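Visitor: My questions will all concern the structure given below.
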Ligand code: GAR
């Protein structure tokens, strides 16, 4: 059994989708959710699913040791960032080489980097008059949104689309593809 930890800072709809997708799998299981935000919606979602979700301070994530101890305790093989709004630091990258992946709600390298997260991304896509957007699933390195791409999928952006409408299309792509891609990279 391969064990996944999801890192999430917000609502956690991707974390929930991943948990449900693998709920009956005998190969992959979501065993732990870690957050840097004690009031993130992801905690309530995991409480309902019976999956432990814990909060660590920004300092604990940066230092790595307390987080790594918890990942080890749960036997985590792969770290999945799903709406995690914090940088991954050296200790975690060293402990999980090629075993940390992220989903970004746009077609990287466009609309990535610092400050480009959540609705900010979709607002920027609409403001730029883009004809399409989508998702990028990629390996994580020490820079925001710069690791090697694993998978991309696109959706059309219509001239009349609001950022909220683009967000809904991108979320649909995330729910469709993210768990499947996780299963494939093991
Ligand atoms: C997702 O759309 C994810 O791609 C994005 O945050 C959202 C989290 O939604 N991630 C980033 O912007 C990372 N830069 P969720 O909490 O409902 O899964």
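Every number in this text was worked out from the coordinates using simple rules, so none of it is lab data. Just so we're clear, the structure is a prediction, and the values are computed from it rather than from any experiment. In this analysis, Cβ positions are derived from the backbone assuming ideal geometry, glycine residues included, and neighbour counts consider all displayed protein chains.
Visitor: Per-residue ellipticity at 222 nm for the chain, helices alone: DSSP H runs ≥ 4 residues times -39500 (n - 2.57), over residue total, nearest 500 deg cm²/dmol?
Guide: -11500 deg cm²/dmol
Visitor: Turning to a different aspect of this structure: Tell me, how many Å apart are the Cα centres for region 12-84 and for region 143-186?
Guide: 20 Å
Visitor: Any chance you could list P(r) for region 57-101, counting all Cα-Cα pairs in 10 angstrom bins from zero, rounded to whole %?
Guide: The percentages, shortest bin first, are 27, 66, 7.
Visitor: Hey, another quick one. Diagonalise the Cα gyration tensor of region 57-147 and give the resulting equivalent ellipsoid semi-axes, square root of 5 times each eigenvalue, largest first, whole Å.
Guide: Sorted largest first and rounded, they come to 28, 13, 10 Å.
Visitor: Any idea how far apart residue 148 and residue 73 come out in nm if each label point goes 7 Å out from Cα toward Cβ?
Guide: 3.4 nm
Visitor: May I ask you to compute the full-extension gain from residue 127 to residue 60, defined as 0.36 nm times their residue separation minus their alpha-carbon distance, rounded to one decimal in nm?
Guide: Details: separation 67, 0.36 × 67 = 24.12 nm, distance 3.64 nm.
Difference between extended and current length: 20.5 nm.
Visitor: Something else now. Based on the mean of other beta carbon atoms within 10 Å per residue, what is the order of 120-131, 155-166, most packed first? Could the numbers behind the result be given before it?
Guide: Details: 120-131: 16.1, 155-166: 14.2.
Listed from highest to lowest mean packing, they are 120-131, 155-166.
Visitor: What per residue convex hull volume, in Å³, comes out for the chain when only alpha-carbon positions are used?
Guide: 105 Å³
Visitor: Ok, one more. Could you give the length gained on full extension between residue 164 and residue 39, defined as 0.36 nm per residue of separation minus the Cα-Cα distance, in nm?
Guide: Length gained between residue 164 and residue 39: 42.7 nm.
Visitor: Report P(r) for region 26-68: all Cα-Cα distances, bin width 10 Å, range 0 to the bin holding the largest distance, values in whole percent.
Guide: Final binned percentages: 28, 46, 24, 2.
Visitor: Mind jotting down the three principal axis lengths of region 135-185 based on Cα atoms? Whole angstrom, largest first.
Guide: Result for region 135-185: principal-axis Cα extents of 35, 25, 13 Å.
Visitor: Calculate how steeply helix 163-185 sits against the longest principal axis of the alpha-carbon atoms of the chain, using the helix alpha-carbon long axis, and give the answer as 0 to 90 degrees to the nearest 10.
Guide: That works out to roughly 40 degrees.
Visitor: What would the Debye equation give as log₁₀ I(q)/I(0) for region 1-93 at q = 0.13, 0.17 Å⁻¹, counting only Cα atoms as equal point scatterers?
Guide: Summing over Cα pairs of region 1-93 leads to -0.37, -0.65.
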